[in-house]
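Nothing in this text is a laboratory measurement; each read-out follows from the coordinates by a stated rule. Note that the structure is a prediction, hence the values are computed from the model and not measured. Here the Cβ is made from the backbone with ideal geometry for all residues, glycine too, and neighbour counts use every protein chain on show.
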Amino acid sequence: NIGSGQIGAQHFQWGGGVSGQVLVRGAGAEPQWANRIQPIEIIIDGGGSAITSGLKGHIEVPYAYVLNQATTLADQSGSIRVDIWKDSYANYPPTAVDTINSSVPIFLSSVVKAQDTTLTNWVKNLNSGDILAFYTNAASSIQLLTVSLRGVKV
């Protein structure tokens, strides 16, 4: 269900409101998408109990990326703070000094969801191959948490 578009380096909009730029590499070539919104997500599972404090996992960033949104979804009302650390593969593992959001961490307080679309004071630029670490602290009640970072692939 395609909404509108033109071939070349023109704006293209698909049904459902997804939009971006299409670049064509020549006759019969598959279009290359630029400026696509891409998610980076992690699910933190307390295994039927409240999530404990500590390191919860690592994710490799597969491409250069500029963050523009963080969404946090919990299975139930509660409180939790999630810090995100970033470092290169060569310097793995990231530690607290590598934080990208220490002054404005992901934080839920007696709610089930939160969304930040400004990411003020976050380090927003990620490089291909960077490693992100997710560290929780101050957790209560929440047993299952999804952290979804959205941004633009560059």
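For A50, project a label point 7 Å along Cα to C-beta. Then give me every residue of segment 90-130 with its amide nitrogen under 16 Å of that point.
108-112
Which shape class applies to segment 88-154: rounded if a/c is under 1.5, otherwise prolate when a/b exceeds b/c and oblate if not, where a ≥ b ≥ c are the square roots of the Cα gyration tensor eigenvalues?
Cα axes put segment 88-154 in the prolate bin.
Assuming 0.36 nm per residue, please report the length gained on full extension of the stretch L144 to Q38 beyond their Cα-Cα distance.
Gain in length upon complete extension: 35.9 nm.
What nm distance separates the two modelled labels at S103 and I59, each placed 7 Å from Cα along Cα→Cβ?
About 2.4 nm separates the two model spin labels.
How many nm separate the modelled label positions at R81 and K153, each set 7 Å beyond the Cα in the direction of the Cβ?
Simple spin-label model gives 3.5 nm for this pair.
For the pair L73 and S110, what calculated FRET efficiency results from E = 1/(1 + (r/R0)^6), where r is the Cβ-Cβ distance and R0 = 25 Å, to the nearest 0.05?
Given R0 = 25 Å and the Cβ-Cβ separation, E is 0.95.
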